[in-house]
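Quick note: the coordinates plus some simple rules give every number you see, no bench work behind them. Note that the structure is a prediction, hence the values are computed from the model and not measured. Positions of Cβ are backbone-derived with ideal geometry, glycine not excepted, and every protein chain shown enters the neighbour counts.
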């Protein structure tokens, strides 16, 4: 099994998982990066998985599926037209080629119909859980997003977190404003800075990494409680998300 993050658009990642000459891709916002790696590695694109309806995640799904005969697995959302198989919470995607099985998790918050795929030690979580962050609440509520993140955080420690964007450095900068004494976060920031300097992705992370450094998974930590000064858990999460929405990276 080979897992590859394909940079796309401005800061997206299209995830490609290959096995024995067969491949699947997750959230193809554009076709070019996928076509290049398929040609370079001589791969057959058998399946496409979509996590939510935003165009930077589905923009090339129809084109790729038509060209390669791939089956598209997508949420129950009429805004996603290019779907062969609709899946939702509790469903299981069982692929013959490549031979992987994924459990489908409903994770509303970023959008109302957002789903994640978990299997083969990998979590394709779209824009719900980011490296050291989480997605904006465009259609869901703080309570929904908090429940979705806690559901993902309960997966095994070594699960590889394959999110949809390269946001780690900005997320680390914000996280250090609300969790400044976190040594694991400081180390994660240094690691991410070095990777970006080499032109490498900062993802996938692991869920163990995220639980140690991601403030949206640490809202019950004493440091976060003290910083945010809010007793109710959902209200505390909402305040954290509000601060992130208003955060701007400091000038270099």
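List of remarks:
- Residue order, fewest to most surrounding Cβ atoms within 10 angstrom, among 205, 181, 70: 181, 70, 205
- Ordering 66, 131 by the number of other Cβ atoms within 10 Å of each residue's own Cβ, fewest first, gives 66, 131.
- Across every pair of non-identical alpha carbons in segment 129-173, the mean reciprocal distance, once inverted, gives a Kirkwood radius of 11.6 Å.
- Distant alpha-carbon pairs in segment 106-207 (separation over 19 angstrom), percent: 45 percent
- Likely footprinting exposure, 210, 30, fewest C-beta neighbours within 10 Å first: 30, 210
- Diffusion coefficient of segment 10-144 by Stokes-Einstein, Kirkwood radius over Cα pairs, 4 °C, 1.567 mPa s: 87 µm²/s.
- Helical mean residue ellipticity (222 nm; -39500 (n - 2.57) per DSSP H run of 4+; nearest 500) of the chain: -10000 deg cm²/dmol
- Spatially, segment 72-133 and segment 9-45 are offset by 17 Å when compared through their Cα centroids.
- 0 to 90° range, to nearest 10: angle between helix 233-246 axis and the chain longest Cα axis: 80 degrees
- Volume of the Cα convex hull of segment 30-96, divided per residue and given in Å³: 85 Å³
- By DSSP, the beta bridges lying fully in segment 2-246 are antiparallel in about 65 percent of cases.
- Gyration tensor verdict on segment 157-252 (Cα atoms; rounded if a/c is under 1.5, prolate if a/b is larger than b/c, oblate otherwise): prolate
- Here the calculated FRET efficiency for residue 63 and residue 97, from their Cβ-Cβ distance with R0 = 25 Å, stands at 0.75, rounded to the nearest 0.05.
- Percentage, to the nearest whole number, of Cα pairs in the chain over 30 Å apart: 25 percent
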